[in-house]
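Below is one structure, written out as structure tokens, with a few remarks after it.
The values are calculated or read from the model by the stated rules, or taken from the named source; none is laboratory data. On a predicted model such as this, the values are computed, not experimentally measured, just so you know. When we count neighbours, we look across all protein chains shown, and the Cβ atoms used for this are built from the backbone with ideal geometry, even at glycine. Side chains included, ligands, DNA and RNA excluded: accessible areas come from the protein's heavy atoms. Shrake-Rupley method; radii C 1.70, N 1.55, O 1.52, S 1.80 Å.
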Amino acid sequence: MILLDGKKTSSDIKDEIAIKVAELKQQGEKTPHLAAIIVGNDGASRTYVNAKVKSCEKVGFNSTLVELPDTISEADLLAKVEELNNNDDIDGFIVQLPLPKHIDEHKVTLAVSPAKDVDGFHPESVGRMMLGLPGFLAATPAGIVELLDRYDIETSGKECVVIGRSHIVGSPMSVLMWRNSKIGNCTVTITHSRTKNLAEITKRADILIVALGKPEFVSADMVKEGAVVVDVGIHRVEDASKKSGFRLLGDVKFDEVSPKCSHITPVPGGVGPMTIASLMMNTLQAIDMK
Ligand code: NAD
């Protein structure tokens, strides 16, 4: 079994980006600038946003963190988005999800300028991905593609099963796996909460991508011998033995599934760091989108 080491791969990618940014600066070009809006005080969201800001520092980007209270109105948040759209110094920005219940996430996603949509959530970005046109790819699925590529995983003609159909992970992931591209050309089955006989389907998978958001849901009897398993799930579970008071689990029972796999991502240290690397790649791409 080979561990798909997202932490190391992400660090390699950030080193490569840092070299490109240093070259840009040397040539007197603009320093890429990523902004992030965070609404409220959700612990997990804060951790993700802080990691993104830290990565900006590592690669030499400028970064701006816009912190807003969870009492902010939808109109005021949309005004903030518009402000970032019109700020020429900011090349790309994200609005960290989830948002408080009184704010319509779709409205906010639609308000982000497609030219600055480094999370790849805007319908224009999604449409471009479907058509195979240049544009921003959703950060998590794109990070997974990059990881599979760097480990030389053969995908062409393989059976790929995706568990989960969310707009940010499962759906775009399925598209990237069927696209006619180096990582792609799979025969893809997308499964969801209404799928019957899930284990019968997942056992067909040469490549199994798990993004349903239920801790340790996938057990060894759901996985084919020799499969490549990508675990997108992240869950904090209480653990008094840890300094932080919690430990992280994925959607896959790693201990029993990993011995059956040819390759598998760990949690933590798999998909999470690749999502951040992907965001950095999208931001670098954003300087050419204006
Ligand atoms: P989501 O809740 O939006 O979607 C979950 C999907 O799973 C839904 O489409 C649902 O139909 C499907 N599902 C639920 N129960 C199922 C079942 N029993 N069988 C089959 N399908 C089922 O979740 P999401 O935003 O796609 O995130 C999924 C997980 O990935 C979460 O744990 C989340 O925290 C994590 N995540 C990680 C990263 C990262 O960078 N590592 C990024 C995004 C999300």
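Of a type outside the set (A, V, I, L, M), touching a Phe, Trp or Tyr at 6+ places or on another chain (Cβ under 9 Å) and without any contact (Cβ under 8 Å) to a residue 60 or more places away in the chain: which single residue out of 47, 9, 71, 64 fits that description? Break it down stepwise before answering.
Details: 47 fails: touching a Phe, Trp or Tyr at 6+ places or on another chain (Cβ under 9 Å); 9 fails: without any contact (Cβ under 8 Å) to a residue 60 or more places away in the chain; 71 fails: touching a Phe, Trp or Tyr at 6+ places or on another chain (Cβ under 9 Å).
Criteria check complete, one pass: 64.
Here is a yes/no grid of residues against (1) modelled with pLDDT under 95; (2) surrounded by 20 or more Cβ atoms within 10 Å (Cβ to Cβ); (3) farther than 18 Å from residue 286 by Cα; (4) in the same structural domain as residue 169 (by TED's automatic domain parsing):
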| position | (1), (2), (3), (4) |
| --- | --- |
| 61 | no, yes, no, no |
| 68 | no, no, yes, no |
| 120 | no, yes, no, no |
| 128 | no, no, no, no |
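What number goes with the only condition from (1) more than 23 Å from residue 226 (Cβ to Cβ); (2) surrounded by 23 or more Cβ atoms within 10 Å (Cβ to Cβ) that residue 166 does not pass?
(2)
How many residues are more than 19 Å from residue 275 (Cα to Cα), of a type in the set (D, E, K, R) and in contact with a helix residue (DSSP H, G or I) (Cβ under 9 Å, 6 or more places away or on another chain) when one looks only at the stretch 85-117?
Counting residues in the stretch 85-117 that are more than 19 Å from residue 275 (Cα to Cα), of a type in the set (D, E, K, R) and in contact with a helix residue (DSSP H, G or I) (Cβ under 9 Å, 6 or more places away or on another chain) gives 2.
How many residues, within the stretch 204-217, are in a strand (DSSP E or B) and without any contact (Cβ under 8 Å) to a residue 60 or more places away in the chain?
Taking the stretch 204-217 as the starting set, the residues that turn out to be in a strand (DSSP E or B) are 207-210.
Next cut, without any contact (Cβ under 8 Å) to a residue 60 or more places away in the chain only: 207-208, 210.
Total meeting the criteria: 3.
Looking at the stretch 231-246, which of the residues that are near the ligand (Cβ under 10 Å from one of its atoms) and assigned to a strand (DSSP E or B) is least open to solvent (accessible area, probe 1.4 Å)? Outline the logic, then answer.
Taking the stretch 231-246 and keeping what is near the ligand (Cβ under 10 Å from one of its atoms), we get 231-236.
Checking the rest, the ones that are also assigned to a strand (DSSP E or B) come to 231, 235-236.
Details: 231: 8, 235: 28, 236: 110 Å².
Once the filter is applied, the top-ranked residue is 231.
If you go through the stretch 178-203, how many residues are assigned to a loop (DSSP other than H, G, I, E, B), at negative phi and either small (Gly, Ala, Ser) or within 12 Å of the ligand (Cβ to nearest atom) (or both)? Give the steps one after another, and end with the answer.
Let us first name the residues in the stretch 178-203 that are assigned to a loop (DSSP other than H, G, I, E, B), namely 179-186, 192-197, 203.
Next, only the ones that are at negative phi stay: 179-183, 186, 192-196, 203.
From the residues that got through so far, the ones that are either small (Gly, Ala, Ser) or within 12 Å of the ligand (Cβ to nearest atom) (or both) too are 181, 192-196.
The total comes to 6.
Restricting attention to the stretch 139-177, and to residues there that are in a loop (DSSP other than H, G, I, E, B) and near the ligand (Cβ under 9 Å from one of its atoms), which single residue is nearest to residue 269 (Cα to Cα)? Full working, then the answer.
Just the residues of the stretch 139-177 that are in a loop (DSSP other than H, G, I, E, B), to begin with: 151-158, 164-169.
Now narrow it down to the ones that are near the ligand (Cβ under 9 Å from one of its atoms): 164-169.
Details: 164: 21, 165: 23, 166: 22, 167: 23, 168: 20, 169: 18 Å.
My answer is 169.
Return the residue satisfying two criteria in turn: it lies in the stretch 19-43 and is of a type in the set (A, V, I, L, M), closer than 18 Å to residue 279 by Cα and surrounded by 13 or more Cβ atoms within 10 Å (Cβ to Cβ), and of such residues it is farthest from the chain's Cα centre (by Cα).
Filtering the stretch 19-43 for residues that are of a type in the set (A, V, I, L, M), closer than 18 Å to residue 279 by Cα and surrounded by 13 or more Cβ atoms within 10 Å (Cβ to Cβ), the one farthest from the chain's Cα centre (by Cα) comes out as 21.
Could you tell me which numbered condition residue 101 fails, if it satisfies all but one of (1) open to solvent by 30 Å² or more (accessible area, probe 1.4 Å); (2) touching a residue at least 12 places away in the same chain (Cβ under 8 Å)?
Just one mismatch for residue 101, condition (2).
Restricting attention to the stretch 204-215, which residues are open to solvent by 30 Å² or more (accessible area, probe 1.4 Å) and within 11 Å of the ligand (Cβ to nearest atom)? First the steps, then the outcome.
Restricting attention to the stretch 204-215, the residues satisfying the condition of being open to solvent by 30 Å² or more (accessible area, probe 1.4 Å) are 204, 206, 212-215.
Across the stretch 204-215, the qualifying residues are 212, 213, 214, 215.
Do we have any residue at all in the stretch 170-181 that's within 30 Å of residue 31 (Cβ to Cβ) and either open to solvent by 20 Å² or more (accessible area, probe 1.4 Å) or under 14 Å from the mean Cα position of the chain (by Cα) (or both)?
Scanning the stretch 170-181 turns up at least one residue that is within 30 Å of residue 31 (Cβ to Cβ) and either open to solvent by 20 Å² or more (accessible area, probe 1.4 Å) or under 14 Å from the mean Cα position of the chain (by Cα) (or both).
So which of 155, 140 is within 16 Å of the chain's Cα centre (by Cα) and open to solvent by less than 40 Å² (accessible area, probe 1.4 Å)?
Numbers: 155 fails: within 16 Å of the chain's Cα centre (by Cα).
Testing whether each residue is within 16 Å of the chain's Cα centre (by Cα) and open to solvent by less than 40 Å² (accessible area, probe 1.4 Å) leaves just 140.
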